[in-house]
Amino acid sequence: MRMKPRLIDKWKDKYDNITNKLYQYPNGVRLLVATNPRTIEFDFSVVVSAGSYYEKQLGVPQGTAHFLEHMLCSPNNLCKTDRAIEEYTQGSKSRASFSKNASTSHKFLYFYAHGHENAAGRMLKFTSARILYPLKKFPEYIERERKVIISEIQRMPKEDRDSNLQWDKQFWGEFAPEFALRRVGTVDSVNEITVDNLMDYYHKCFVGSNVAIAVQTSGNLSKEHWGQINDLAHSILSNKPQLRREIKRFTPKFKANFFEDPDRSAIFVGINYFYHLQKKLDYRRDRLFVLLRSLISNVGYDYLRQEKHLVYSVSAFNNIELFNCKDRGLAIEVDKGKLLEVLDETYHLLYTKLGEFLDSASGKKWLNDQVSSYIFRGNDSIDNDYAESLAVDVLDDIMEYKFDYAKSKKEMLKMATRDVKEFINEFLKIEPIFWFNGPHNREEIEEIFKQSKFYKRFAK
């Protein structure tokens, strides 16, 4: 008799009014069940620590993780043809349709399905058939999928013309090279991938402690659905993972990276501030980061666009890079003739205008409004990836996966102008790294950049 999973954590997310339960099976598989009374849909995901980051250490060609994703989505014992796959997901007057997909990141493989709760049983059965794919079918579909993937690569820009890839290479190429490669691989590397490579990658990655199952539903899982999830979880091998993560601490040093893109008409400027993630969530600091992002967008728009008429928009971003690194900053687009002025006015925005605004009557009203919006929340749209995101945090084990809205709300209520100003001063001590992407060569842009106030402040 198969053992039931052990409940290892339970908490109420009062921000979204969702009850979460985290289970663990004897083989190490984790299951996250999010009960969301607002939803009428069923969201099911399986996340596996099997992204492209691990290819080098397992000795397989670049692109193997992505190739494996394709193979596991090929016809299987449940749906024996491509037509059968499409028909299985389609709805009728008596049954709901559902969407399905899969994706590959540097860290994970994702397999997921979303649809009305009426389709829950079929979603579970369909996704399980992908995870437990009959590997003996690999020889039947490998050449077909190889052609598809090569066609996918050929649709992309050449590597030296791909701005996203060049961003990764220039930021991470030396520090963390596994994060500076195309996940799909290259035409040459994809042609090297064999059935043995795919099977080896599957057997070494698809093991208990590398796998998290995620469900978001409106109520308790039925006995039938529990049975399907248990069957999937118990079918995954319990071997110890053979994967290692090298989690380095990135220390940002002021510099500028450049990419010449003749297809752009303006210069994209990204100002990136990197910092190390902490395991325990600091709720005060978390709220301050949210306020800073809103502040940059609002004051940046008013100052750089409405007052100075230099840019069309100012956007603040918040990304996770590598395993443990946050990238926050702002992005603008500008004509070369205005570049130096925009850089210097952006410097003035960050190091002077934000503080002046916070001290003004308008700034105090803005802060009160930010607090009010957080305390007196309206209805948000339902996040179909809610449970999957939590499962990723559980697998990643970099940050706390639980969010306590009561603690966060308490910190927000205590927020004062002085707190925000002090935080901005602390944040701006981080040495920024610039990204210039535009139609001009490096030498032209670098010459202008070296005249900027940013360069004069940080260059050593």
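Observations on the model:
- Set of lysines with alpha-carbon distance to K453 below 18 Å, sequence-local pairs under 8 removed: K253, K255, K308, K336, K338, K353, K429
- Mean Cβ neighbour count within 10 Å, used as a protection proxy, ranking 29-36, 226-233 highest first: 29-36, 226-233
- What you get for the range 6-235, charging only the Cβ of Lys and Arg (+1) and of Asp and Glu (-1), is a dipole of about 760 debye around the Cα centre.
- Qualifying lysines (Cα of each under 16 Å from Cα of K240; at least 8 residues distant if same chain): K204
- Mean Cβ neighbour count within 10 Å, used as a protection proxy, ranking 109-118, 387-396, 256-265 highest first: 387-396, 109-118, 256-265
- Listed by chain and number, the lysines whose C-alpha is less than 27 Å from the C-alpha of K12, apart from same-chain residues fewer than 8 away, are K4, K21, K223, K279, K280, K326, K402, K407, K409, K410, K414.
- Size of charge dipole - the chain - debye, nearest 20, with Cβ of Lys, Arg +1 and Asp, Glu -1, no other charges: 1540
- Selection from V190, F250, A214 lying farthest towards where the dipole of the range 187-306 points positive, charges on Cβ: F250
- For D263 and E447, the FRET efficiency from 1/(1 + (r/R0)^6), where r spans their Cβ atoms and R0 equals 25 Å, is about 0.65.
- Compactness of the range 6-235 as Cα Rg over 2.2 N^0.38 Å, two decimals: 1.08
- Net charge of the neighbourhood of P439, taken over other residues with C-beta under 14 Å away and scored Lys/Arg +1, Asp/Glu -1, is -3.
- Signed unit charges on C-beta, dipole axis of the range 404-460, positive-most listed residue W435, N425, S452: N425
- Taking the charge dipole of the chain about its Cα centre, with +1 at Lys and Arg Cβ atoms and -1 at Asp and Glu Cβ atoms, the residue from L343, V47, N164 reaching farthest to the positive side is V47.
- Whole-angstrom Cα spans of the range 204-332 along principal axes, big to small: 63, 38, 37
- Against the rule of thumb 2.2 N^0.38 Å, how large the Cα Rg of the range 255-458 comes out: 1.11
- Förster radius 41 Å - calculated FRET efficiency between T19 and K56, Cβ distance, rounded to 0.05: 0.50
- Distance between the range 41-60 and the range 282-323 - C-alpha centres, whole angstrom: 32
- Where only C-alpha atoms are counted, convex hull volume of the range 26-111 per residue in Å³: 153
- If only the Cβ of Lys and Arg carry +1 and only the Cβ of Asp and Glu carry -1, the dipole of the range 90-192 around its Cα centre is close to 760 debye.
- Note on the range 91-205: Cα-only Rg and Dmax are 17.8, 56 Å.
- Within the chain, all pairs of alpha-carbon atoms sorted by distance into 10 Å bins from zero give the percentages 4, 17, 24, 25, 19, 9, 1, 0.
- Of all DSSP-defined beta bridges confined to the range 255-458, some 80% are antiparallel rather than parallel.
- Most to least packed among 333-340, 79-86 [average Cβ atoms within 10 Å]: 333-340, 79-86
FYI, it's all coordinate maths here, none of it is from the lab. Computed from a predicted structure; not experimentally measured. Backbone-built Cβ (ideal geometry, glycine too); neighbour counts: all protein chains shown.
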